[in-house]
Amino acid sequence: MAMAKEGKRDNVGEGESENGAGGELTPLSDLQDILNEFPINDISHAFGYGSGVFEQKVVNSDLGDNSKSRKFKSEEKENGSDGADDQNQQQQDQQQQQQQPMIDLILSTSNAKQWHDENLKMNPSHYALLPRMFGASFISQVQDVGAGVYFNPMAVVKTTTSTGADTGSSTSSGTESLRLVKYGIIEDEILKSDLQNWDCMYIAGRMHK
């Protein structure tokens, strides 16, 4: 489990080492930024799973090569580049964002209907047309079917990578990037019951990924 939240945003990444050890592919700061894009006060627990969160050999190898390429391009830029080089760099950055694996999240809340109502106001583009039209009541009814989880796939959220010195200064600048996220919403009691009783083992299985 890459992160856990209970009441406070500070608990994100609890149990992980400060230097990022433990196989994380996505930085904890990015996961915190992603959580902040949602109605975070109504989120009781959150965790990330899968290849977008945990390092895997094939994914890590590909990202390592791309990282070397970006470093090489950065050195070229420092030595002098024209407008065409800048445009090419922007295109490569966009391609890199597309190559990043999707981040999979599960968000738990005490009241799914209320959470969807708030999230529809904050992130209407995350929902398909029909759920947007029929609203939170319809979405919560759909969520009640099956495992009790409602997923929004292919959601685009912003993260900020700090470019300033890690001194805790509020003046440190950052670079915004876009990440592709698939997140599922589940109510607290259903989450706890599935983990304790293996009602359908859907959430339990994802916490093993």
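The values are calculated or read from the model by the stated rules, or taken from the named source; none is laboratory data. Note that the structure is a prediction, hence the values are computed from the model and not measured. All Cβ positions, glycine included, derive from the backbone under ideal geometry; neighbour counts span all protein chains shown. Side chains included, ligands, DNA and RNA excluded: accessible areas come from the protein's heavy atoms. Shrake-Rupley method; radii C 1.70, N 1.55, O 1.52, S 1.80 Å.
Spin-label model, LEU195 to PHE134: label points 7 Å out along the Cα-to-beta-carbon direction sit 3.0 nm apart. For a modelled paramagnetic label at ALA147, 7 Å from Cα along Cα-to-Cβ, the residues of the range 189-209 in reach, with backbone nitrogen under 12 Å, are 191, 194-195, 199-209.
If R0 is taken as 22 Å, the Cβ-Cβ distance between MET154 and GLU176 corresponds to a FRET efficiency of 0.70. Per-residue Karplus couplings for the range 134-151, computed as 6.51 cos²θ - 1.76 cosθ + 1.60 with θ equal to phi - 60°, are listed in order as 8, x, 5, 4, 5, 4, 5, 5, 5, 5, 5, 7, x, 7, x, 10, 10, 9 Hz, Gly and Pro entered as x.
Estimated at the nearest 10 Å², the accessible area of ARG179 is 20 Å² with a 1.4 Å probe.
A cut-off of 5 Å between modelled amide H atoms, ignoring neighbours fewer than 5 places along the same chain, links GLU187 with THR109.
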